[in-house]
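The values are calculated or read from the model by the stated rules, or taken from the named source; none is laboratory data. Because the structure is predicted, anything quoted here is derived from the model rather than measured. So basically every Cβ, Gly included, is an ideal-geometry build from the backbone, and we count neighbours across all protein chains shown. Surface accessibility is based on the protein's heavy atoms, side chains included, excluding ligands, DNA and RNA. Shrake-Rupley method; radii C 1.70, N 1.55, O 1.52, S 1.80 Å.
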Amino acid sequence: MKTSYRAAIAFALLAGFPVLVLIICTALVLVELIALRNFTRAPAFAIWWGVVSIPLIGTLLFGLFRVERPYLGRVPEVPVSPEDQPRLWALVRELSVVAADRAPDALYLVPTVGAAVTADTRLLGLRVKGRRLYVGAPLLAGLDEDQLRAVLTHELAHYGNHDTRLAGITHRGAASMRLTLERLAGGSPYQRGVAGALTFYAKLYSRVSGAVSRRQELAADELAGRLVGGWTTASALREVNAVDRGWEVFLDQYVLLGWRTRHLPEHLSDGFFAFLADEARQLELDEVRRSPRQEHSPQDTHPPMAVRIAALEAMPPVPGRSSTPRPAWEILDNVRETLDTAMETALTGKALSRGRLAWPALVELGSRAQAVDDSLAILGSACMVHGGNGTIGTVLDVLDAGHRSALAGDDDEYDEYPESEADSVRTQLSTVVGVALADAGVAHWELSWAGPALFVVDEPYLDDLWPAIESAVSDEPDTARLRALLGRAGVPDGYRPSVTPSVQ
């Protein structure tokens, strides 16, 4: 089936959605009118049908109204003018000459991994009023220039292939169908019954429109492969996957590390560059590059990544491409400011009001805050067994009294594997002692882009620390060595961690 034929069917199904809704609403109203005309014969039915049909009609019409409303689900964006970024705009215009009939009217940087094009259309796509190109700031940090060319060419090809003319209304239509079904599914039994009937229609539309979108993606891949090179475009797809995974880990494990203390990093882009450059992280991302995701369903708008890559790598090479392309970010002016501004749009206005710290200070403060939270929970467990004020001395007293299991938490596995209990207590005790030593100024958390922050203990405490902890959590516990070490570091038995360091 040709793409144009599929597209026509998809649009016909979309156009049929409001028709189907109006037919159902008309039928409900007609039944109510007939019931009202015969009200004296069956008053109960007329009242019951009104109670059932009015909410149902309201829900269906709400969905129909949503088809006509503009789609409001855009991600935050930063407009970029030709004066702001002349070289980026020059590249977009250069690629537009061969990939599209004209350049986009506006360019935006967004805090997500990917690129996209949209068109403001009127008269069901017959008239195009404006075009927008969106480029993810993390891509500019992670791709090289040839890969960026491939990504942009692919997106601009959607303009050349006229894929965007009906995209707006089809996306809004699909969203409206989903919204209508969700509202019906959460309603009365009668509404849920209508939802069941409409679900088949929505699935049919999703399958047909998904097939159209997948063919459009393959066509855009093919054009990018012809102009930039199949292998280059395939490497861009692999790299987009890797940058996407890296950005996800970077946000979760680093950017939000200071959230408890109401701090954010001073420069997001500096951190992401360092994260991507780390050798250990590169090994992790290499696995993502080699093994693209294979999940696929008939409703997907993109073909399986492996299928796209195989088709691109089978294309003949394009001569004359640079063997050592420069990083994509070098095309930008004011690189740090530009990327920071775009990346930070992922955060809410309230979050942006938080204090800023350099990366090492953020890691130190954030790691301590997490360790303090964990320590306070451990001290609470010690209090339940031994009483007292919940200090580091309380924990050591619990161990000396032979109540190690009280600090391990509840786990049936400990009865069969006592060594697991010892491991758990060792971890718990190390957390409490670690915060105490850090507050005493003889230990600290050190930034590592390869993984969690490294806990570094100064000499001469390092050599004695782990043997002292082992002695304290052994089957015949003895905390004397650990108490002596803490005393030398200036940590009293009454030490209890707080939000701010309590031991100087």
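Observations
- Potential lengthening of the chain between Ala351 and Asp105 amounts to 85.4 nm, from the contour at 0.36 nm per residue minus the alpha-carbon distance.
- Rolling a 1.4 Å probe over the protein heavy atoms gives the range 188-317 an accessible area of 49 Å² per residue.
- Scalar couplings 3J(HN,Hα) for the range 177-184, obtained by applying the Karplus form with A = 6.51, B = -1.76, C = 1.60 to θ = phi - 60°, are 4, 4, 4, 4, 5, 5, 5, 5 Hz; x denotes Gly and Pro.
- Of the trypsin sites (Lys or Arg not before Pro) in the range 212-293, the ones in a loop by DSSP (not H, G, I, E or B) with at most 13 other beta carbons within 10 Å are Arg262, Arg293.
- For Ser448 and Leu179, a Förster radius of 45 Å and the Cβ-Cβ distance give a FRET efficiency of 0.50, rounded to the nearest 0.05.
- Once C-alpha pairs closer than 8 Å and six or more residues apart are averaged by separation and normalised to the residue number of the range 211-330, the relative contact order reads 45 percent.
- Couplings for the range 239-254, taken from phi via the Karplus curve 6.51 cos²θ - 1.76 cosθ + 1.60 with θ = phi - 60°, read 5, 4, 4, 5, 5, 4, 5, x, 5, 4, 5, 4, 5, 6, 9, 10 Hz in order; Gly and Pro are left as x.
- Label-to-label distance, nm, for residues given as Val307 and Arg481 (7 Å Cα→Cβ offset): 6.2 nm
- For the range 328-397, the carbon plus sulfur part of the accessible surface works out to 55%, probe radius 1.4 Å.
- Approximate spin-label separation Leu462-Glu94, in nm, with each point projected 7 Å along Cα-to-Cβ: 5.0 nm
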